[in-house]
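Everything on this sheet refers to the single structure shown next.
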Amino acid sequence: MNILYYDCFAGISGDMHLAALLDLGVDYDELVLELAKLGVDGYGVQAQRASRKGVTGTQVRVVIDPKQPHHRNLRQIEALIGRSQLTDAVQARAIRVFRRLAEAEARIHDTSPDRIHFHEVGALDAIVDIVGGAIALEWLKVDRVLCSPWNWAAGSHIANTAYCRCRPRRPWNCLKGFRCDWVRCRSRRPPPLARRYWRLSLMNLWGARPLP
């Protein structure tokens, strides 16, 4: 059995998540070829080696044509993924992420998931991050995913439209059933896209790191 374990001690973006999976052995060229099966233009996935404070690793950037739509609803995203040439397993994992996110948003706004309109999560770079992660997991043949307790920030941050507490209701709904450890910091950790992606499409259990 192949087990993938996430040590959730700090933040991670969708691009960073793809980079970590590439460092685990996912082939970059195959990832790009599989992403092409989405059947959409207007994006590119760049990967290179980088160093930060003496630590080296892979850096990924998903570059989007500014003419691409910034907002999509659930039906548009499901249709985009559903008409692609991706495998059934990749389609199902990616769509499950967006459906569960729509359910969490619908509870907040007292409406149905079909009426939810995604903003930054509906942009093409977020779709590429999520679908790319699903592709990478299939490539690695991961049978089970575990994670440590979440480091949940207690503080505040500047969002797109307001000064907010670091406990927004949407990701909090997504993390129901998972243990969280409270930390004091000035920003969200991990960023909401990565947190939702892990919670909704990856994690089977949380707990201590499995012994080798």
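Read-outs throughout are calculated quantities, based only on the coordinates presented, and are distinct from any laboratory measurement. Keep in mind that this is a model prediction, so the values were computed, not measured. A quick note on method: Cβ atoms are made from the backbone with ideal geometry, for glycine too, and the neighbour counts reach across all protein chains shown.
With a 10 Å radius around each residue's Cβ, average the other Cβ atoms per peptide and rank 72-80, 42-50, 128-136, highest first.
In descending order of packing, they fall as 128-136, 72-80, 42-50.
Kindly put Tyr6, Tyr28 in sequence by how many other C-beta atoms sit within 10 Å of each C-beta, fewest to most. Mind dumping the intermediate values first?
Numbers: Tyr6 20, Tyr28 15.
Fewest-to-most ranking of Tyr6, Tyr28: Tyr28, Tyr6.
What is the distance, in nm, between label points placed 7 Å from the Cα along the Cα-to-Cβ direction at Thr56 and at Val40?
It is 3.5 nm.
Work out, step by step, the length gained on full extension between Glu138 and Met1: first 0.36 nm times the residue separation, then minus their alpha carbon distance; give nm to one decimal.
Here the answer is 48.0 nm.
Spin-label point model (7 Å from Cα, Cβ direction): what's the Gln48 to Ala92 distance in nm?
Simple spin-label model gives 3.9 nm for this pair.
Only counting other Cβ atoms within 10 Å, I'd like Arg52, Arg61 sorted with the fewest neighbours first.
Arg52, Arg61
Around Tyr28, under 13 Å between beta carbons, what's the net of Lys plus Arg minus Asp minus Glu among the other residues?
Computed value for this residue: -3.
Rank these for me by crowding, Ile81, Ile64, going from fewest to most other beta carbons within 10 Å.
With the fewest neighbours first, Ile81, Ile64 line up as Ile64, Ile81.
Taking each pair of different alpha-carbon atoms in region 1-143 once, compute 1/r for the pair, average those values, and report the inverse of that mean as the Kirkwood hydrodynamic radius in Å to one decimal. Could the numbers behind the result be given before it?
Details: mean 1/r = 0.0621 Å⁻¹.
About 16.1 Å for region 1-143.
Which cross-chain or sequence-distant (5 or more) residues have an amide H under 5 Å from the amide H of Tyr43, H modelled 1.01 Å from N in plane?
Asp65
With +1 on each Lys and Arg Cβ and -1 on each Asp and Glu Cβ, how big is the dipole of region 4-80 about its Cα centre, in debye rounded to the nearest 20?
Once rounded to the nearest 20, the dipole reads 360 debye.
With r as the distance between the Cβ atoms of Leu33 and Arg75 and R0 = 30 Å, compute the FRET efficiency 1/(1 + (r/R0)^6) and round to 0.05.
0.65
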